[in-house]
Amino acid sequence: MQDSQNWSLKPEQLFKELNTSENGLTNNPMKLELRGWLAHNVKGLGLKEACLFLQNMGYTNLAIIDFHILDLLVKNKLLKEPKTITPKVYLQAEIILKDIAKKANLNLAELDLYLWYVETDKIIK
């Protein structure tokens, strides 16, 4: 990934960097680097928003962590209740969710949708 000083956000460059070839999105080994780059370099995007963007682009193994997810993790004693969602808390919760997803044979996008349903009794996609 190029550093932010040399990067221009032209759509064709972004798609090239995302590796949109067949199976490229879900298998791209740079997805965590890309998420971090987006969160750091695109004004207004944090880890959650970068994950939302990437999930809408086809990535399925990045967690979208909001308070509904944290509430479930806290209720089930998998995480201590945080005051705010810091990057450290976000990444800790993501590790827990990856383990749950693996045990349930789901990707993180599927797990997130299921947990959203459990917490809100709604499916919005």
Restricting the search to region 80-98, which residues are more than 13 Å from Ile64 (Cα to Cα) and assigned to a helix (DSSP H, G or I)?
-> Lys88
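From the list Thr60, Thr120, Thr86, which residue is touching an Asp or Glu at 6+ places or on another chain (Cβ under 8 Å), free of Cβ contacts under 8 Å to residues at least 60 places away in the same chain and hydroxyl-bearing (Ser, Thr, Tyr)? Steps first, answer last, please.
Values: Thr120 fails: touching an Asp or Glu at 6+ places or on another chain (Cβ under 8 Å); Thr86 fails: touching an Asp or Glu at 6+ places or on another chain (Cβ under 8 Å).
Unique residue meeting the criteria: Thr60.
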Select from region 48-73 the residues that are under 8 Å from the mean Cα position of the chain (by Cα), among the hydrophobic types (A, V, I, L, M, F, W, C) and not in a helix (DSSP H, G or I) and list them in ascending order.
-> Leu62, Ala63, Ile64, Ile65
Looking at Leu72, Leu113, Leu91, which is the one that is within 23 Å of Glu33 (Cα to Cα) and either out of contact with any Phe, Trp or Tyr (no Cβ under 8 Å at 6 or more places or on another chain) or assigned by TED's automatic domain parsing to the domain that holds Gly36 (or both)?
-> Leu91
Positions within region 82-117 being surrounded by fewer than 10 Cβ atoms within 10 Å (Cβ to Cβ) and over 21 Å from Glu49 (Cβ atoms), in sequence order = Lys103, Asn105
Note on region 99-111: residues farther than 15 Å from Asn76 by Cα, in contact with a helix residue (DSSP H, G or I) (Cβ under 7 Å, 6 or more places away or on another chain) and part of a helix (DSSP H, G or I) are Ala101, Ala104, Leu108, Ala109, Leu111
Would you check if Lys77 is surrounded by fewer than 17 Cβ atoms within 10 Å (Cβ to Cβ) and in a loop (DSSP other than H, G, I, E, B)?
-> yes
Condition test on Asn76, is it within 26 Å of Trp116 (Cα to Cα) and either within 17 Å of the chain's Cα centre (by Cα) or modelled with pLDDT of 85 or more (or both)?
-> yes
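Which of the residues that make up region 36-52 are closer than 19 Å to Lys98 by Cα and either of a type in the set (Val, Ile, Thr) or surrounded by fewer than 19 Cβ atoms within 10 Å (Cβ to Cβ) (or both)? Explain how you work it out, then say what you get.
Going residue by residue through region 36-52, those that are closer than 19 Å to Lys98 by Cα are 36, 47-52.
Gly36, Lys48, Glu49, Leu52, listed by residue number.
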Quick one: is Leu45 in the same structural domain as Trp116 (by TED's automatic domain parsing), within 26 Å of Ile123 (Cα to Cα), in a loop (DSSP other than H, G, I, E, B) and modelled with pLDDT of 85 or more?
-> no
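The values are calculated or read from the model by the stated rules, or taken from the named source; none is laboratory data. This one's a predicted model, so the numbers in the text were calculated from it and none came from an experiment. Quick reminder, even Gly has a Cβ in these numbers, built from the backbone with ideal geometry, and neighbours come from all protein chains shown.
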